[in-house]
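Some notes on the structure that comes next.
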Amino acid sequence: MPVVLPATLDRFSEPFPPHGALAAEGAENLLGRPRLDPLVVLVREAVQNSWDARLDDRSVVDFAIRAHHLDAVQRGVLQSTVFDSPPPAADRLREVLQRDDVLLLSLTDAGTTGLGGPVRADRPPKPGQSSNFVDLLFNIGQPSDREFGGGTYGFGKTISFVVSEARAVIVHSRTAVGDTLQSRFIAAGFTDHFSADGRRYTGRHWWGRSVEESILPIVGGNADAFADVLGLPPFDEGQTGTTICVVAPGFRGRTPRQAMNFLADAIVWNFWPKMVAPAGGAPSMRFAITFESDPVPVPDPDDVAPLHAYADALRGVRSALRLAANDGGSSAGAGGATRDGGATSAGADDTVQLHAVKDPKSTVPIGWLGLARIPVLPRSVADDGRDAGSERQSAAAFEGLAHHVALLREPELVVEYLECPALPSVVTEWVGVFKAVPELDRAFAAAEPPTHDSWRANLVRDDAHRRSVAMGMRNLIALSAAFANDESCDRRPAAQIADALSGLLAGPSHDEAGATRPAQPELPAVSFGPVHRLPAKSLRISDHRVSDIDFVVSHRPGCSGTVVEATAFVATHDGDAVEREPRERRAAARSSWEPVEIVGFVPTKRGDDGAVEVAGSRLVVVRGRPNRWRVRVRSLPDIAVAVDMVVTPLDEAAS
């Protein structure tokens, strides 16, 4: 039977009741003024809602973002059928509907329940039935009733109206109603509150099927037909889920493609825990992005620095929580004890140091903290429209080197990257992951503001829970600061690299290309020691290898010091011939840096006589200060590298 679309949808504008109501402007302000980019807030809230709507705790949730331009026919349907007769105050909606170029941004989930339950907010759900439809479309401030849910206030849905230049959204969902599946379609919009015909209106509007001074969604085949004609993603047969479509999203000057790249980075920075598979399992969420019909890659966190290290820390924390639960809730048994009362992870990367965070008085577990130091690796940079001179920033949670702890509750959605003390280093950074124990999930959920982007103990009403949040935050910050200042944490297993084609060679010193120094050079000079490869598992990035070479500086008698200039080259397997510009390697490299690069210098003994790490290829060693150093080299994993050092007396270099 053919589906015939209704000529127009009915509009219902919400009037103020005699006892008052929240105006649309007030609903938009409930989020406050988030410090995050609106697109980041949008995707954070949408994914949280999708996770809360998962079919069951074993289901994998698929989340997809699609942007597409409407053709002339689709624009006509949007203007004359969906948003027919905009209300008097809808100036922004009318302006968008008159455009020749309209973009829709769709956020779709599957493996979820869809927007089920009653379609009127004044009708209570049946026992065991959800109220997702009215909570998303009509109610404001309705918290998630699901245990270990990501959302707590129900205010986040207003961000979609904030992002829309039309202040309008379209919703298409399929859900179970009894033993059958029902599709639902409805549109909604915000305007400023207004008065008309002697009556005041809140500025909240819906387009659907008008019944008894209320509004209901279009259902069944007509709902799917509306979604299809507008180009919204279809649901497979027997599949349930929801699409929230933002009409004419504002990208803050980014092109649509740049915005899609930005959203891909926002997903990986905010939801990498959902992409890290548990032991013996699969990731709990899958993400996809398309612009028109072209896929936009969503990076794997194990391939993104420094998120690869956060993923390893999470694996360690998960292991500790699992072993503690098997041990009857005790914090013991998660691995070998460290000297400061923490634990080394069992079954996770051996660079991750684990700590049980407890209430100091009751010793009740609050959560687990995983910490790790890692070498600095190149950051991937996509064309996401970032502009240092404007409000357009990258989707990364922070700029510069990592010295932040990712805060997680049981849903494993990143609440915040908590900034902690940094290392006195430009070539080493550290990461941390804290996850609260399941028993205190509600306590930490209560500490989140409407945007779910921090923990504030003063927001928690329950006294015991407020203390747990405060003690947890205080102790994880103290443990992180101690870790950042602990010199013993920088242990690296030394391993001589024997394979010349995959190793790093300390080559002969050269004054210039082709001129080899004598076997017993005049002072000043450097002598090479062992080669140390930093733990490969801690890198988890197959494109690069980071290694250290020990060397000792010997000064010329009577000179105040020595200047060391280091250069790294791609070498043949015997280290004699040097290839300075390997074009085929440069073409194969995904990053903008050379296939081999001097990162900097690290003192062999950290903190000895005030020595600090030095970035770049030039090192000044003053007489009387430490003379044992390591040069750090970054390279592609399958090439041999020769390191050349030219030494100059400091007095001559200064002159």
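Read-outs: derived from the displayed coordinates by stated rules, not from any lab. Note that the structure is predicted; figures quoted are calculated from it, not measured. For neighbour counting, all protein chains shown are included, and Cβ atoms are generated from backbone atoms with ideal geometry for every residue, glycine included.
In the neighborhood of Phe226, defined by Cβ-to-Cβ distances under 14 Å, what is the net charge if each Lys or Arg adds +1 and each Asp or Glu adds -1?
Net local charge, Phe226 excluded: -1.
Which order do the peptides 246-255, 70-79 take when ranked by the mean count of other beta-carbon atoms within 10 Å per residue, highest first?
So the peptides 246-255, 70-79, ranked by packing, come out 246-255, 70-79.
Within 10 Å, count the other beta carbons around each residue, average over each peptide in 215-221, 260-266, and list them highest first.
By packing density, highest mean first, the sequence is 260-266, 215-221.
So if I take the centroid of the Cα atoms in the range 241-280 and the same for the range 72-124, what is the distance between those two points in Å?
What the calculation gives is 21 Å, centre to centre.
Taking the alpha-carbon centroid of each part, what is the distance from the range 38-63 to the range 401-417 in angstrom?
Computed from Cα coordinates, the inter-centre distance equals 17 Å.
Whole-Hz Karplus ³J(HN,Hα) for the range 256-266, in order, using 6.51 cos²θ - 1.76 cosθ + 1.60 and θ = phi - 60°, x for Gly and Pro?
x, 5, 4, 5, 5, 4, 4, 5, 4, 5, 4
Would you tally the net charge around Asn458, using a Cβ to Cβ cut-off of less than 15 Å, leaving Asn458 out, and scoring K and R as +1, D and E as -1?
+2
What does the charge add up to near Ile215, with Lys and Arg as +1, Asp and Glu as -1, over the other residues with Cβ less than 13 Å from its Cβ?
Net charge around Ile215: 0.
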